[in-house]
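The values are calculated or read from the model by the stated rules, or taken from the named source; none is laboratory data. The structure presented is a predicted model; accordingly, all values stated were derived computationally and were not measured. Cβ placement follows ideal geometry from the backbone for every residue including glycine, while neighbour counts extend to all protein chains displayed. What goes into the accessible areas is simple: the full protein's heavy atoms, side chains included, and nothing from ligands, DNA or RNA. Shrake-Rupley method; radii C 1.70, N 1.55, O 1.52, S 1.80 Å.
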Amino acid sequence: MLAEVAEERQAGCLARLDRLAGVERPGTDDVLSSSWFLSCNRRMASSQGLEELLENIVEMALHITGAGRGFLVLLDGERVQAQVSLGEFDFELDPELSFSTTVVREAARLGRGLISTDAANDERFEEQRSVRELDLHAVLCVPFEWGESVHGALYVDHQDVGNTFDERDLEAVSALADQASIAIGTLRRREEIEALNGRLTDRVELQDLELRRTRAELRREGRTPPVGGLIGDSDAIRSVHATIQRLGPTDLPVLVTGPSGSGKDLIARALHAHSNRADGPFLVVNSAALPETLMESELFGHRRGAFTGATEDRDGLFLDATGGTFFLDEIGDLPLGLQAKLLRVLESGEVRAVGSSHARTTDVRVIAATHYSLPELVEQGKFRADLFYRLNATDVTAPSLTDRVEDIAILTAHFLEKLEAKRGQRVRFSSAVLAQLARRPWPGEVRELSNEIARLFFLSEGGEVTDPGLVREPSMVKGGDPMPASLSLIDVERAAVQRALRVAGGKRALAAKLLGISRAGLYTKLKRLGLESA
C-alpha cells in the first residue's frame with residue numbers, strides 16, 4: 001500500500017515538473033514586475049480549495065527559482081510539517097524527511113528569508129545532524145504568516161552542487177510568500193464564511209421544522225398556534241388567533257380596536273399574512289402623523305403643479321398598495337374632510353389624485369385601527385357614521401394585559417430571548433420578580449411591559465434579576481419624565497441624560513448603555529452639560 005502511494009505521489013510530482021520544464025524561467029526583473037504579481041495573484045485566486053492553492057504556490061516557487069525540489073511547510077509551535085512536497089524525491093523515503101527542519105526553524109526565528117549555498121558545510125548548521133545526513137547543498141527558505149499562531153515557510157533547494165541561489169532569488173520568493181500569505185488568509189476566511197452560512201442554513205431549516213411540528217402539535221391539542229408575533233396562551237389571545245385565521249382569507253375591511261400598546265399593528269400584519277394578498281404589499285400610514293394638507297397627497301397622490309412643491313406626478317399609498325393591504329393606523333385622528341374622501345374610495349374602489357380630474361381604480365383591502373371608541377366619536381360629531389359602518393364590516397379587539405395576565409410570563413420569556421439573542425448575554429428573572437411583573441397593572445400594555453423587561457435586563461447583575469423591588473410602580477411610568485420647558489437640543493439632551501441616570505440608579509455604565517453611547521461618551525456629555533456631580 002505504501003509503495004502504491006509513493007508511486008502515485010512521484011507520478012504527480014513528475015507531471016508537475018514536466019509542465020514547468022516547458023516554461024522559460026523568468027528573469028528577476030520580470031519576477032518583481034507588477035505584471036508578474038498580477039499573474040501570480042490570478043493563479044492563486046483561481047485555486048479551488050486550500051490544497052490546490054498551496055500546490056500552486058510551491059509550483060510558482062519552483063518556477064521562479066529553477067529549484068529541483070520545493071516544500072510548503074507549517075510551523076505550529078514545535079511542530080514542523082510539510083503540507084506540499086514537489087520535486088524529484090527518492091520515494092522510498094518520506095518527502096517530509098527530505099528537508100531540514102533546522103533551516104525552517106532558523107528562518108522562522110529570524111523572521112526573514114535565508115540562503116545557504118552549501119548547507120552541509122554551513123557553520124550555522126554544522127551542529128545539526130539532519131543537515132549533515134541530508135547532505136544538503138543550496139537551500140532557500142522564506143517564512144510567512146499563516147494565521148495568528150501558525151506560521152508557514154516556502155523552502156526550495158538544489159540537489160546538484162553546481163546549482164545555487166542568490167539574493168535575487170531570495171527577493172523573488174519573499175515577494176511570492178507575501179502574496180501567498182494574503183491568498184491563504186482570504187481563502188480561509190471565505191471557507192469559514194461558507195461553513196458559517198451552511199450552519200446558519202441548517203439552523204434555519206431545523207427551526208422551521210420545529211415550528212411546523214409545534215403548530216401541528218398545537219392543532220392536535222385543539223389550541224391555536226401563535227400568529228403574527230402575537231405571543232400568549234390565554235383564552236383572550238387564542239380567541240384573537242382564531243378570529244384572524246377566519247377573517248384573514250376574506251377581503252372584508254377590518255376595524256382593529258384596543259388600548260395603545262396592545263398590539264393592534266401585529267393583528268393587522270397577521271390578517272395580511274393570512275390573506276390571499278400575502279404576497280402583495282402591506283403599507284402603513286399613521287393618521288395622526290401628518291397634517292391634513294400632506295395626508296391627502298400621501299393617501300391619494302397628486303399631479304405635478306397641484307400645489308407648491310409638487311414638482312412631479314406621484315401615486316398615493318392607495319395605488320401603491322394595489323393587490324395588497326393598506327393599514328390605516330389611528331383612524332380616529334383622521335380629519336373629517338379626509339374621512340369623506342376615504343369613504344368614497346372604499347365605496348367605489350377609485351382614487352382621485354390632488355389636482356386631477358380623472359379617477360384611477362385600486363384593488364386594496366383596508367384595515368383600520370384605533371384606541372378610541374369610534375361610536376363615541378360619532379356621537380360627538382368627530383367621526384362620520386357612514387365611514388364607521390363601512391370600516392366596521394368586521395372587527396377584532398386586541399385584549400388588554402389585564403384580560404390576559406397569564407400571558408405576562410410567556411411575554412417576558414419572549415422579550416428576554418430577543419434581548420439575549422441581540423446582546424449575546426443570558427439573563428434570568430427570579431420567581432419573585434416574575435410574580436411582581438404579573439401583579440402590577442400595565443397601563444401602557446405590552447409595549448410598556450417590553451420596555452420594562454429591557455430595563456431590568458440592563459440592571460441585571462451576574463446574569464440574574466432577583467430583587468422584585470427593581471420593578472417600577474405604574475405611577476412612575478404614568479407620570480413619566482416631563483419634557484423640559486425649553487425645547488432647545490441641549491436642554492432635551494440634558495433631560496435624557498438625567499432620566500437615564502435615574503433609571504440606572506446612578507450607575508453610569510448602565511446609563512451609557514440605556515443611552516446607546518460609550519461610557520467615555522457619557523462622561524463627555526456630563527462634563528459638557530454640567531452634570532458631573534449627578
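Given the criteria part of a strand (DSSP E or B), in contact with a Gly (Cβ under 7 Å, 6 or more places away or on another chain) and at pLDDT 75 or above, does Val142 qualify?
For Val142, the condition - part of a strand (DSSP E or B), in contact with a Gly (Cβ under 7 Å, 6 or more places away or on another chain) and at pLDDT 75 or above - is met.
Would you point out the residue of region 287-303, among those that are open to solvent by less than 60 Å² (accessible area, probe 1.4 Å) and outside any helix (DSSP H, G or I), that is nearest to Tyr372 (Cα to Cα)?
Residues of region 287-303 that are open to solvent by less than 60 Å² (accessible area, probe 1.4 Å), as a first pass: 287, 295-303.
Applying the additional criterion that residues be outside any helix (DSSP H, G or I) yields 287, 301-303.
On the way: Ser287: 13, Gly301: 28, His302: 30, Arg303: 34 Å.
The extreme case among them is Ser287.
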**OP:** Could you list, in sequence order, all residues of region 374-391 that are open to solvent by 50 Å² or more (accessible area, probe 1.4 Å) and in contact (Cβ under 8 Å) with a residue 24 or more places away in the chain?
**Re:** Lys382, Arg384, Asp386, Arg390
Original post:
Using beta carbons and a limit of 7 Å, which pairs, at least six apart or on different chains, have the first residue in region 443-455 and touching a residue at least 12 places away in the same chain (Cβ under 8 Å) and at positive phi and the second one among the hydrophobic types (A, V, I, L, M, F, W, C) and buried (at least 20 other Cβ atoms within 10 Å of the Cβ)?
Top reply: Glu445/Leu401
Original post:
List pairs: first in region 229-258 and buried (at least 19 other Cβ atoms within 10 Å of the Cβ), second among the aromatic types (Phe, Trp, Tyr) and part of a helix (DSSP H, G or I), Cβ under 9 Å, 6+ apart or cross-chain?
Top reply: Leu255/Phe388
Original post:
Is region 97-117 home to any residue that is touching a Cys at 6+ places or on another chain (Cβ under 9 Å), assigned to a strand (DSSP E or B), at pLDDT 80 or above and open to solvent by 30 Å² or more (accessible area, probe 1.4 Å)?
Top reply: yes
Original post:
Do we find that Leu247 is at pLDDT below 85 and farther than 30 Å from Val354 by Cβ in this structure?
Top reply: no
**OP:** Report whether or not Gly261 is at pLDDT below 85, within 31 Å of the chain's Cα centre (by Cα) and under 30 Å from Pro441 (Cα atoms).
**Re:** no
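Condition check ((1) hydroxyl-bearing (Ser, Thr, Tyr); (2) open to solvent by 60 Å² or more (accessible area, probe 1.4 Å); (3) at pLDDT below 90; (4) assigned to a loop (DSSP other than H, G, I, E, B)) across all residues:
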position: Ala306; (1), (2), (3), (4): no, no, yes, yes
position: Glu312; (1), (2), (3), (4): no, yes, yes, yes
position: Gly323; (1), (2), (3), (4): no, no, no, yes
position: Phe326; (1), (2), (3), (4): no, no, no, no
position: Val345; (1), (2), (3), (4): no, no, yes, no
position: Val366; (1), (2), (3), (4): no, no, no, no
**OP:** Looking at (1) touching a Phe, Trp or Tyr at 6+ places or on another chain (Cβ under 7 Å); (2) aliphatic (A, V, I, L, M); (3) at pLDDT 55 or above; (4) more than 18 Å from Asp178 (Cβ to Cβ), find the lone condition where Ala6 falls short.
**Re:** (3)
**OP:** Restricting attention to region 166-202, report how many residues are open to solvent by less than 90 Å² (accessible area, probe 1.4 Å) and in a helix (DSSP H, G or I).
**Re:** 24
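The rows are residues; the columns are (1) open to solvent by less than 60 Å² (accessible area, probe 1.4 Å); (2) in contact with a Cys (Cβ under 9 Å, 6 or more places away or on another chain); (3) not acidic (Asp, Glu).
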{"residue": "Thr412", "(1), (2), (3)": "yes, no, yes"}
{"residue": "Leu419", "(1), (2), (3)": "yes, no, yes"}
{"residue": "Val427", "(1), (2), (3)": "yes, no, yes"}
{"residue": "Leu434", "(1), (2), (3)": "no, no, yes"}
{"residue": "Trp442", "(1), (2), (3)": "yes, no, yes"}
{"residue": "Glu448", "(1), (2), (3)": "yes, no, no"}
{"residue": "Ala454", "(1), (2), (3)": "yes, no, yes"}
{"residue": "Glu461", "(1), (2), (3)": "no, no, no"}
{"residue": "Arg472", "(1), (2), (3)": "yes, no, yes"}
